[in-house]
Amino acid sequence: MGPWPNDPLGPQARTSAEIYWIMFVAAIVVLAIVDGGLIYAGIKFRDRPGHSAKQFHGHNTLELLWTVIPTIMVISFSVLSFQKLNVMNDTSGAGMTVDVQGQQWTWVMNYPKEDRFKLTDGTYLQGAQELHIPVNMKVHIQLSSKDVIHSFWVPNIGGKKDAVPGRHTDLWIQADKPGMYKGQCFEFCGTGHADMLITLVVQTPDEYTTWIKGALAEANRLSDPATKAGRETFLSQPCVGCHTVQGTTAGGKVGPDLTHVASKKSIAGGVISPVDEANLTRWIKDPPAAKPGTTMPNYHLSDEQVHDIVQWLLTLK
Ligand code: CUA
């Protein structure tokens, strides 16, 4: 996959690429004419032995030309940009709508409230960081933010748009071919900004149906009522900004992936072992005390919160 202007892989990116290349070529032509004229005139008409430089003031034809031509160019580019913007902002006719929320420092994908995405507890499928869509389908992305301004951008698919707190913004994406496309938060949003990635997974309709089944089964396992308290505490705390638990909205990339933490031999970079209730409790209660110098802060969770979280983590095998 090349840089997006050379390798647009969906109609949205193609629309951006078209206007990019038109403006780029126009800028090169203007640069060549202006600098070419400057260099030519500087050499040809310069003051030198046997030729004295002519002094003159004003030149109606030239002045008219370099006023009218740029005006026509600027107006043409404006009209062209607005035309393309209309296409890029037109979310009508989308096959599905995914509600995507940015938060420090992950993206939470809320799939449509349709029966095929429904969990046994009555909620609907969510994901973090990874967005699955069917190939060749126009997908409406409804963007919002939980904290600061983020920006959703998958370069080769196109359609960069800011996620702004307190309001919704809309964009649509569509991919020509199945595959994995890398995206990145495009608005500096704090220390985890560089790790605020987007993985767009584009699948054939059959693969998509299979993926939904698997994701639902996994989400249903994770939403077991017995560990609900711990799960909800974990997901509502800053934990999710750093840690990933696949199948949940926790998609942080700064800290270790906790999807199978209960099956690990140790935590805290090997310092704490085995991974059992006592050690997890000691660790979450006060990480810097358990491992001096750790980047995981003490969030001063109550004993009950720590207990609930530990009970849930112990089920992540
Ligand atoms: Cu979110 Cu940068």
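Below is a table of values for the structure above.
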quantity	calculated
Check on K44, modelled with pLDDT of 90 or more and either closer than 30 Å to K138 by Cβ or not β-branched (V, I, T) (or both)	yes
Residue that is modelled with the lowest pLDDT [pool: residues in segment 98-116 that are among the polar types (S, T, N, Q) and over 12 Å from H132 (Cα atoms)]	Q104
Residues satisfying the stated conditions in segment 84-100, i.e. of a type outside the set (G, A, S) and out of contact with any Phe, Trp or Tyr (no Cβ under 7 Å at 6 or more places or on another chain)	K84, L85, N86, V87, M88, N89, D90, M96, T97, D99
Evaluation of R46 against (1) assigned to a helix (DSSP H, G or I); (2) open to solvent by 90 Å² or more (accessible area, probe 1.4 Å) (one fails), failing number	(1)
Meets criteria (more than 10 Å from the ligand (Cβ to nearest atom), modelled with pLDDT under 95 and open to solvent by 40 Å² or more (accessible area, probe 1.4 Å)) for T169	no
Meets criteria (more than 16 Å from the ligand (Cβ to nearest atom), open to solvent by 20 Å² or more (accessible area, probe 1.4 Å), within 26 Å of N136 (Cα to Cα) and touching a His at 6+ places or on another chain (Cβ under 7 Å)) for Q174	no
Hey, A27 within 30 Å of W172 (Cα to Cα), of a type outside the set (S, T, N, Q) and either in contact (Cβ under 8 Å) with a residue 40 or more places away in the chain or touching a His at 6+ places or on another chain (Cβ under 8 Å) (or both) or not	no
Some residue of segment 182-193 being assigned to a loop (DSSP other than H, G, I, E, B), away from the ligand (no atom under 13 Å from the Cβ) and in contact (Cβ under 8 Å) with a residue 24 or more places away in the chain	no
Qualifying residue in segment 119-132 (condition: closer than 23 Å to K177 by Cα, out of contact with any Ser or Thr (no Cβ under 6 Å at 6 or more places or on another chain) and modelled with pLDDT of 90 or more)	yes
Test for M196: is it without any contact (Cβ under 8 Å) to a residue 40 or more places away in the chain and either more than 19 Å from T91 (Cα to Cα) or touching a Leu at 6+ places or on another chain (Cβ under 7 Å) (or both)	no
Selection count where residues are open to solvent by 100 Å² or more (accessible area, probe 1.4 Å) and more than 22 Å from F77 (Cβ to Cβ), scope segment 25-42	3
F24 being over 30 Å from R231 (Cα atoms) and either within 16 Å of the ligand (Cβ to nearest atom) or not in a helix (DSSP H, G or I) (or both)	no
Residue within segment 1-17 that is farther than 20 Å from W153 by Cα and open to solvent by 70 Å² or more (accessible area, probe 1.4 Å) present	no
Members of segment 194-221 found to be hydrophobic (A, V, I, L, M, F, W, C), surrounded by fewer than 18 Cβ atoms within 10 Å (Cβ to Cβ) and more than 16 Å from the ligand (Cβ to nearest atom), listed by number	V201, W211, I212, A217
Scope segment 236-289; condition within 21 Å of Q126 (Cα to Cα) and open to solvent by 70 Å² or more (accessible area, probe 1.4 Å); matching residues	S236, Q246, K253, V254, P256, H260
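The values are calculated or read from the model by the stated rules, or taken from the named source; none is laboratory data. All values derive from a computational prediction rather than experimental measurement. A quick note on method: Cβ atoms are made from the backbone with ideal geometry, for glycine too, and the neighbour counts reach across all protein chains shown. Areas reflect the complete protein model, heavy atoms only, side chains present, ligands, DNA and RNA absent. Shrake-Rupley method; radii C 1.70, N 1.55, O 1.52, S 1.80 Å.
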